[in-house]
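Quick note: the coordinates plus some simple rules give every number you see, no bench work behind them. All values derive from a computational prediction rather than experimental measurement. Reconstructed Cβ throughout: ideal geometry from the backbone, glycine too, with neighbour counts over all protein chains shown.
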Amino acid sequence: MRIVYTVRHQADYIQSIWLQLAVIGKAPRFEPFLEAALAQHLASGLWVDHGKVIDHVLTGFSPDQLVILDHEATRCHPDGVAGLFLDLMGSPLRFADLQDLEPREADVSPDPLATWLAHSTRWPSPSGAGLVRAFQTSLDHIRERHGRKRTTLYSRAQYRQIEETFAADNDKLAGWLQANQPGTTLSPPAAPDTLLFREDLTIADWIGLTRQVAMGRAKDGD
């Protein structure tokens, strides 16, 4: 038996957890959620300190039964995550043998900033898909003026704080990987200059977003 555990830098992992909660309508306000994750190293009950997960797994399994994968590296596999797991299982199936999912079944994360804006606007009620789409449409135009950078839930200060908070944990993880699974590393988060933070938006950007709020509410029937 092998245990496969995928590691992801906490900046991406915490964001992903909150976005999933937002998709199902159960996300708390983001700032308290982040503060708790930084203080407790837990996000919605999940450890975001990968060393704690590994230590727990090793109470019942040996290191040679544990396979650590880096999330960003798995995305670079020619056949994606599914192809990588087929390889791990030694399956004769190839990715091309699998049936495509319907678009509605695909697990595609929503735009982080659009989701944060919609959630902040409608809290404590669920944000509604229509409002998220309205913000997404507006942000797509805004991103054209900002080098098409990916958006993020974080402010720049929050992004730095995550890196600083988990630096020691991730250094410890790097040492464990070097000793037990050489060649596997934890990819760093995206460089700040490749991301669009909410404080990067101009007054004109915010005016456009405000207009989308009214349009999104109308579409949601508010």
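Over the chain, dividing the summed -39,500 (n - 2.57) contributions of all DSSP H runs of at least 4 residues by the number of residues returns a 222 nm mean residue ellipticity of -17000 deg cm²/dmol. Computed packing ranks the peptides 48-55, 203-210 as 48-55, 203-210, most packed first, by mean other Cβ atoms within 10 Å. Using θ = phi - 60° in the Karplus curve 6.51 cos²θ - 1.76 cosθ + 1.60, the 3J(HN,Hα) couplings for segment 18-28 round to 5, 4, 5, 4, 5, 4, 8, x, 10, 6, x Hz; x is entered for Gly and Pro.
Across segment 143-153, computed HN-Hα scalar couplings (Karplus, 6.51 cos²θ - 1.76 cosθ + 1.60, θ = phi - 60°) run 4, 4, 8, 10, x, 6, 5, 5, 8, 8, 6 Hz from first to last residue, x flagging Gly and Pro. With a Förster radius of 35 Å applied to the C-beta separation of Phe95 and Asp55, the computed FRET efficiency comes to 0.55. For segment 161-166, the Karplus equation 6.51 cos²θ - 1.76 cosθ + 1.60, evaluated at θ = phi - 60°, returns couplings of 5, 4, 4, 5, 5, 9 Hz by residue, with Gly and Pro reported as x.
Quick check: from the Cα gyration tensor, does segment 3-220 come out rounded (a/c under 1.5), prolate or oblate?
Taking the square roots of the gyration eigenvalues as a ≥ b ≥ c, segment 3-220 is prolate.
Residues whose amide H falls under 5 Å from that of Val67, counting only those 5 or more places apart or on a different chain, are Ile3, Val4, Tyr5, with hydrogens built in the peptide plane. In a reduced charge model with +1 at each Lys and Arg Cβ and -1 at each Asp and Glu Cβ, the chain shows a dipole moment near 660 debye about its Cα centre.
Among DSSP beta bridges lying fully in the chain, give the percent that are antiparallel, nearest 5. Bridges in the chain are about 20 percent antiparallel.
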